Amino acid sequence: MEVVVIAPRTKSDLRFIMDFAKRIGVSAQTIDSEFLADARFVSLIDAGLQTQSVSRNEVVEALSI
């Protein structure tokens with residue numbers, strides 16, 4: 001299954017998107033942008049544990065999200 005991430009600009013946009021998803025029967029939930037940054041960082045750590053190295057730029061990029 002694929003996932004679509006949408007970052008609304010306003011709270012009213014968020015409500016509209018959530019209401020629309022509910023009306024068409026699609027599962028939707030909100031997550032914090034910090035969670036996404038943490039998840040990206042964790043994936044880089046996991047990749048680093050499974051490979052020889054993760055580039056410095058990838059780590060800096062993950063931390064700057």
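Every number here is computed from the coordinates shown, using simple stated rules; none is lab data. These figures come from a predicted structure and were not determined experimentally. All Cβ positions, even for glycine, are placed from backbone atoms using ideal geometry, and neighbour counts span all protein chains on display.
List the GluC sites (Glu not before Pro) within the chain that DSSP assigns to loop and that have no more than 10 neighbouring Cβ atoms inside 10 Å.
Working: sites: E2, E34, E58, E61; in loops: E2.
Counting only loop positions with at most 10 other Cβ atoms within 10 Å, the GluC sites (Glu not before Pro) in the chain are E2.
Using 7 Å Cα-to-Cβ label points, what is the T30/A7 separation (nm, one decimal)?
1.6 nm
Tell me, what is the Rg over Rh of the chain, with Rh the Kirkwood radius over Cα pairs?
Numbers: Rg = 15.9 Å, Rh = 14.1 Å.
Taking Rg over the Kirkwood Rh, I get 1.13.
Could you please report the charge total around L44, scoring K, R as +1 and D, E as -1 over all other residues with beta-carbon less than 13 angstrom from its beta-carbon? Working shown, then result.
Numbers: positive: R40, R56; negative: D38, D46, E58, E61.
Overall, the nearby charge balance is -2.
Span-like helices, the chain: DSSP H, alpha-carbon axial extent 20 Å or more, mean Kyte-Doolittle -0.5 or greater, which ones?
On the way: long enough: 33-50 (26 Å, 0.59).
Qualifying helices, which must be both long enough and hydrophobic enough, are 33-50.
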